[in-house]
Amino acid sequence: MANTTTALQLSLEKSRPLLNQLSTRGTQKVKYNGESDWDFHLDAGQKAIDLSLIMPHYRARNQPVEHRMSMSIANDAAPIKLKVCRNYQRSKFCLEVIADTSDVTIWLPSDFKGQIHYGGRPTFSAGFVNRIMRNVRLTERMAEPSFNEDDVVVMTEGHVTFRMWDVQTCAPEVAHKECLQRLFGCKRKAPETTIDWDFLLKD
């Protein structure tokens, strides 16, 4: 009986990380997994996703120096909301989101630096434009990024919204503060709102 109980406990302990990883809501820690193509993988099927992905603040013992934390998130026909959270000690990452026709909202850390490839119709929040846009390469074609940069790929026919996760406050952007900063202190414009008004002067 004792041996059966011990075996059951060991089985539950081994399955617990898998059960946690299958959760589609709440907070998940991303840990280096050298035995898999992805450090974090979730295919939610028809379920909506609302996750905060906590990046490690240290390098795992067996993690190669050039390794970026890799995350793959997918579902079929439900909204996806993802917050990529990290502190000052930057843990480089690559994020792939496959959402079919779903709307996707992603909060990227304010110290993000790298490339973003997306499908669908994009929108950029004031915080993203103020703090992140200057360090981003928006690409229509996926290119091989440097291991010391971040990389985001979003494949969907739905709407894509990019927002900012503030690494200083460890919280999502405060919309009204970022809007005020954009109006009175920030000269950068979101790509889709940049208009060449000189055309009014032409015949």
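Since every read-out is calculated from the coordinates, none of them should be taken as a lab result. Keep in mind the model is a prediction, meaning the values are calculated, not measured. All Cβ positions, glycine included, derive from the backbone under ideal geometry; neighbour counts span all protein chains shown.
Values computed for the structure shown
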{"item": "Neighbour-count ranking [beta-carbon atoms within 10 angstrom, fewest first] of Met133, Met69", "result": "Met133, Met69"}
{"item": "Virtual spin-label span in nm between Arg61 and Ala77, 7 Å along Cα→Cβ", "result": "4.8 nm"}
{"item": "Estimated FRET transfer efficiency (Asp50, Arg134; beta-carbon r; R0 41 Å; 0.05)", "result": "0.90"}
{"item": "Packing-based ranking, highest mean first, of 47-60, 23-36, 157-170 given that Cβ atoms within 10 Å are counted", "result": "157-170, 47-60, 23-36"}
{"item": "Solvent-free Debye scattering, log10 I(q)/I(0), computed from the Cα coordinates of region 24-194 at q = 0.12, 0.14 Å⁻¹", "result": "-0.52, -0.72"}
